Amino acid sequence: MIKREFKVNLKSFIIWLSILIVMFLFVYLIYPYIITDETMKSMDELMKVFPEEVLKAFNMDMSSIETSYGWFKTEGFMFILLIVGFYSSILGGNILLKEENDKTIEYLGSLPIKRSKIITNKILVSILYILSMVLILGIFNYIGLSLSCSFEHKQFILLSITPIFIGLPLFAINLFISTFLHKTKGIVGISLGMVFIFYLFSVLSELSSNVEFIKYFSIYTLADTRNVISNISINPINIIISLLISIIFITGTYIRYNKKELI
């Protein structure tokens, strides 16, 4: 059954991963040629127009975009966090629910396996796909940056790990939500909307001290890229919270799915 899950979910994995790889490949190929003294001067002038809070929200107050690694730590990493978030959320929302939507749950129900076993297999495959996306993307970016510019290796490795801390909780939350539905029609909207809201909360919390508290309602706070960039370390509290959220919602999934009336 695990082999079947890998095969069924391979296409979406390749599509989402390819989006990031193509985008970053394009950057690594052209960045050294478009960044000149003239363009940097124009960029510096443009940066002065933006309020400090806006620059802070995208880490531009901590890193210059004069190299591809500088872009990676600012705008580039924003894309990584969003795409990994989208992929993890949609995977969590669909991996159980699609069996009911496609009527293949009847086939699975005819096999001599318990529902908990079905859930376990799907969770294992999903976690492996999320980890594989982060790993492959990390290796690709490491090679790309090595050919494009010099960069801080430890900082890069720690940054490349942080998407896991938002990917796993987002997967678990959407997996749990899917147990309340019977069709995949609405789950994609919920999954994408959740990622946008969490990311928006994370960005808005950096814009003003008056709304800083909303970062505690965002999964994206667990990535804590500013701490990684400035201190070159990962806060262990974020790892613990990420695991706790994942475990709580995965446990809830087992409870809900074993009681769910399947169609």
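Coordinate-derived values only; no laboratory data. Predicted, not measured: the structure shown is a model, and the values here were computed from it. Quick reminder, even Gly has a Cβ in these numbers, built from the backbone with ideal geometry, and neighbours come from all protein chains shown.
Quick notes on this one:
- Counted by Cβ distance under 11 Å from Thr221, the other residues give a net charge of -1, where Lys and Arg count +1 and Asp and Glu count -1.
- The relative contact order of the chain, computed from alpha carbon pairs under 8 Å that lie at least 6 residues apart in sequence, is 27 percent.
- Counting 0.36 nm for each residue step from Ile197 to Ser132 and taking away their Cα separation leaves a gain of 20.9 nm.
- Applying a DSSP loop filter and a limit of 15 other Cβ atoms within 10 Å to the GluC sites (Glu not before Pro) in the range 143-229 leaves Glu152.
- In order along the range 145-157, the phi-based Karplus estimate (6.51 cos²θ - 1.76 cosθ + 1.60, θ = phi - 60°) of 3J(HN,Hα) comes to 5, 4, 7, 9, 6, 8, 7, 7, 5, 5, 4, 4, 4 Hz; Gly and Pro are listed as x.
- Treating r as the C-beta distance of Ile21 and Ile161 and R0 as 25 Å, the FRET efficiency rounds to 0.85.
- Relative contact order %, the range 106-226, counting alpha carbon pairs below 8 Å whose residues are six or more apart: 23 percent
- FRET efficiency, Thr251 to Lys215 (Cβ-Cβ, R0 25 Å, nearest 0.05): 0.45
- Burial ranking of peptide ranges 228-239, 189-200 (average Cβ count within 10 Å, highest at the top): 189-200, 228-239
- Stretched out straight at 0.36 nm per residue, the stretch from Lys3 to Glu152 would grow longer than its current Cα-Cα span by 49.8 nm.
- Near-label residues of the range 166-198 by backbone N, under 13 Å of a point 7 Å along Cα→Cβ of Lys259: 180
- Cα-Cα over 20 Å, subset of Lys114/Lys260; Lys117/Lys185; Lys122/Lys215: Lys117/Lys185; Lys122/Lys215
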